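S.K.: Attaching a single structure in structure tokens format; questions to follow.
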Amino acid sequence: MININYYYNDIKTLLINNEVTKKVKDYSKNKSDLTTYYNVGKLLSEAGRHYGEGIIKEYSRKLTNELGKGYTPTRLRYYRRFYIVFQKCPTVSDKLSFSHYCEIIWLDIQKINYYIRISEEQNLSVRELRERVKSNEYERLPNKTKNKLINKENTKVTDLVKDPILIKNNSYKNITEKLLQKLILEDIPSFLKQLGNGFTFIDNEYKIKIGDNYNYIDLLLFNYIYNCFIVVELKVTEYKAEYLGQILKYVNYVDLNIKKPFHNKTIGIIICKENNQFVLKYSTDSRIFNTTYELV
């Protein structure tokens, strides 16, 4: 039987060297952490095969005595899990800290890859990532989008819209169009992120003139990734066919009067009530798309 300190001494050396490296080269702290914890996890996995699960507690006790706090059994299990997950998957980004990975390494690999991607793209903090995972964001993606992500295909503006989108409502029971707009505007960053990537807010009650009449677009947005305007109309009644005609009128207006030649075609979103949820209805027109909408 291999001496119990065979793996321990290597683990201790790796952890000490990592602390030294981070003090000398702070700019590469994430990379040093991830490399160290991966290698420590590998040694812990091998030690476990020789000595059983109890070796985690034994090494935790020794490391705490010799190096100080921070090496709890739970922490060591996270190192081991990190190694187990990423030995099979090359997608490790040093733009994320080890704390980011601790939030996702117990998920399945497709979810892990998705959360790595959005954490990089949107520069999510650990807290923000935790909230995204807790809200089941990946599960709320359309199946066609999940397949695109798995196959590493290009996505379009409608692909990352969540289903359902969650809107905070702490006290209101009777929802009007004005109140729904108010709830969205109170936390507009969250609303935009749930639509997908690259959405920005332009205005609410955006005034336009069609013929002799003035009309008001409930929300006018722009997506800087896909280079297009988005018209959002809010309805709190059951979906009606005339809603589609209304939003197409607004979309066409934006295309003719606001959109520049270098912009892509405007997209329209109708939010209406159906089966006690708010639903984005759509037609075969590719500029109008759908998802469900839930007040929480």
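The values are calculated or read from the model by the stated rules, or taken from the named source; none is laboratory data. Note that the coordinates shown come from a computational prediction; the quantities given were computed from them, not determined experimentally. Here the Cβ is made from the backbone with ideal geometry for all residues, glycine too, and neighbour counts use every protein chain on show. The protein model used for the area step is the full one, side chains on, heavy atoms only, and it has no ligands, DNA or RNA in it. Shrake-Rupley method; radii C 1.70, N 1.55, O 1.52, S 1.80 Å.
S.K.: List the GluC sites (Glu not before Pro) in the range 86-192 that DSSP assigns to loop (not H, G, I, E or B) and whose Cβ has at most 12 other Cβ atoms within 10 Å. Which are they? Don't skip to the end; give the middle numbers.
M.R.: Details: sites: Glu103, Glu120, Glu121, Glu128, Glu131, Glu137, Glu139, Glu153, Glu177, Glu186; in loops: Glu137, Glu139, Glu153.
Sites meeting the loop and neighbour criteria: Glu139, Glu153.
S.K.: How much of the accessible area of the chain, probe 1.4 Å, is carbon plus sulfur, in whole percent? Numbers along the way, then the final one.
M.R.: Values: 7650 of 15870 Å².
Here it works out to 48 percent.
S.K.: Roughly what % of DSSP beta bridges within the chain run antiparallel, to the nearest 5? Write down the numbers at each step before the final one.
M.R.: Numbers: 23 of 33 bridges.
Rounded to the nearest five, the antiparallel share is 70 percent.
S.K.: On to the next question. Computed from the coordinates I sent, Kirkwood radius over Cα pairs in Å equals one of (i) 21.3; (ii) 22.3; (iii) 19.5. Tell me the label.
M.R.: Identified label for the calculated read-out: (ii).
S.K.: Taking 7 Å along the Cα-to-C-beta vector as the label spot, tell me the Ser97-Lys209 distance in nanometres, rounded to one decimal.
M.R.: The two pseudo-label positions are separated by 5.4 nm.
S.K.: Tell me, what is the per residue accessible area of the chain in Å², probe radius 1.4 Å?
M.R.: Working: 15870 Å² over 296 residues.
Heavy-atom SASA per residue in the chain reads 54 Å².
S.K.: Exceeding 19 Å between C-alpha atoms, which entries from my cross-link table qualify? They are Lys12/Lys69; Lys209/Lys273; Lys162/Lys207; Lys146/Lys193; Lys178/Lys260.
M.R.: Working: Lys12/Lys69 13 Å; Lys209/Lys273 27 Å; Lys162/Lys207 28 Å; Lys146/Lys193 17 Å; Lys178/Lys260 30 Å.
Among Lys12/Lys69; Lys209/Lys273; Lys162/Lys207; Lys146/Lys193; Lys178/Lys260, the Cα-Cα distance tops 19 Å for Lys209/Lys273; Lys162/Lys207; Lys178/Lys260.
S.K.: Identify the GluC sites (Glu not before Pro) of the range 1-92 meeting these criteria: DSSP loop state and at most 13 other C-beta atoms within 10 Å of the C-beta. Could you put the intermediate results ahead of the total?
M.R.: Values: sites: Glu19, Glu46, Glu53, Glu58, Glu66; in loops: Glu53.
Hits after loop and neighbour filter: Glu53.
S.K.: Going by amide H atoms built from the backbone, whose H comes under 5 Å of the H on Tyr239, apart from near neighbours?
M.R.: Lys273
S.K.: Ok, one more. So what is the relative contact order for the range 130-225, in percent, with contacts set as C-alpha pairs under 8 Å and at least six apart?
M.R.: On the way: 99 pairs, mean separation 20.2, N = 96.
Relative contact order here is 21 percent.
S.K.: Suppose we flag chymotrypsin sites (Phe, Trp or Tyr not before Pro) only when DSSP calls them loop and at most 13 other Cβ atoms lie within 10 Å. Which is the longest uninterrupted stretch of the chain? Mind showing how you got there, number by number?
M.R.: Details: sites that count: Trp106, Tyr172, Tyr224, Phe262.
Between the exposed loop sites, the longest stretch runs 1-105.
S.K.: May I ask for the net charge around Ser125, where only other residues with Cβ less than 12 Å from the Cβ of Ser125 are counted and Lys, Arg are +1 while Asp, Glu are -1?
M.R.: Details: positive: Arg127, Arg130, Arg132; negative: Glu103, Glu128, Glu131.
Net local charge, Ser125 excluded: 0.
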